[in-house]
Amino acid sequence: MLKSAIFNNMESLGQGLAWGFSNREDGNMSLFYGESNNSLGNREKFLRTLGIDYKDLVCAKQIHSNQIRYVSDSDKGKGALSYDTALADTDALITNKKGLPLAIFTADCLSIFLYAETIPALGLVHAGREGTRENIVSETIIQMQKRFNLKAEDLKACFGPAIRSCCYEVGRDFKDFGYGLIKRDSRYYIDLIEANKKQILDRGIKKENIRVCGICTSCENDRFFSFRKEGRSSGRMISAAMLK
């Protein structure tokens, strides 16, 4: 079985980056959702495999928005040991500071890693259906281009595990979702991967610089947490990245 922690070793985004995503075997990584008694220990063990100190982690209180936050050295450790100290109302983190690990937490939503090796600069995006509808990854790329003076061709993107269109049925209130909405037998399904891939391509990132892990968290619920399958008791995976 593929260990998610070493996904970065299989398909590197480039030099100078530590990154990876956890799976169910690594345990719940959230301090807010699911059974969290062992979450700090789970974080410490998993992040050690990436060369990241769990106490330095920068986390956000994700609200399914398109709100983006630039992370500086003064933010180091926010949300690392307590959910209350995490950055408020944020769903994407960007930085150009080395040694500053970013994290988002998912259980069906899509994590997106953005990396410009030549700058260097890093972005980490939490893209659920609401954030995707509000173009969060596109807005994150725009913010990275402005703040770090980078070009689209500088960027590479990788998608973490997420619920796929095979399992992600939504109500008719999402019939105006736009690109990524699929209709089958009078039912509506969302493809978060295709929707976010289009946003990335529309911002000028090359197709060959986009990588998708191909995992459906609902289909593979034995390996990954899935809110759709488990409800409010579901734990969360971590997607973490740090410039070295």
Run the helix sum for the chain: -39,500 (n - 2.57) per DSSP H stretch of 4+ residues, divided by residue count, reported at 222 nm to the nearest 500 deg cm²/dmol. -5000 deg cm²/dmol
Over the chain, with neighbouring protein chains present, the accessible area per residue in Å² at probe 1.4 Å is 44
So how strong a dipole does the range 107-244 carry about its Cα centre when Lys and Arg Cβ are +1 and Asp and Glu Cβ are -1, to the nearest 20 debye? 40
Per the charge dipole of the chain (beta-carbon charges, Lys/Arg positive, Asp/Glu negative, Cα centre), the residue among Leu181, Ile104, Ser218 reaching farthest to the positive end is Leu181
Placing +1 at every Lys and Arg Cβ and -1 at every Asp and Glu Cβ, with all other atoms neutral, what dipole size does the range 14-159 have around its Cα centre, in debye to the nearest 20? 260
With no solvent and one equal point scatterer per Cα, compute the Debye intensity ratio I(q)/I(0) for the chain at 0.08, 0.15 Å⁻¹ and report its log10, rounded to two decimals. -0.26, -0.98
Taking the Cα centre of the chain as origin, sum charge times position over the Cβ atoms of Lys and Arg (+1) and Asp and Glu (-1), and report the length of that vector in debye to the nearest 20. 240
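Counting pairs of alpha carbon atoms under 8 Å apart in space and at least six apart in sequence, what relative contact order in percent does the chain give?
Working: 564 pairs, mean separation 61.7, N = 244.
Relative contact order comes out at 25 percent.
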Would you work out what percent of the accessible area of the chain, with all protein chains in place, is carbon or sulfur (probe 1.4 Å)? 43
Can you pick out the pairs among Lys198/Lys229; Lys45/Lys206; Lys146/Lys198; Lys78/Lys206; Lys175/Lys207; Lys61/Lys156 whose Cα atoms lie more than 31 Å from each other? Lys45/Lys206; Lys78/Lys206
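The values are calculated or read from the model by the stated rules, or taken from the named source; none is laboratory data. In this text the structure is predicted, and so the values were computed from the model without any measurement. Every residue, glycine among them, receives a Cβ derived from its backbone with ideal geometry; neighbour counts consider all protein chains shown. The protein model used for the area step is the full one, side chains on, heavy atoms only, and it has no ligands, DNA or RNA in it. Shrake-Rupley method; radii C 1.70, N 1.55, O 1.52, S 1.80 Å.
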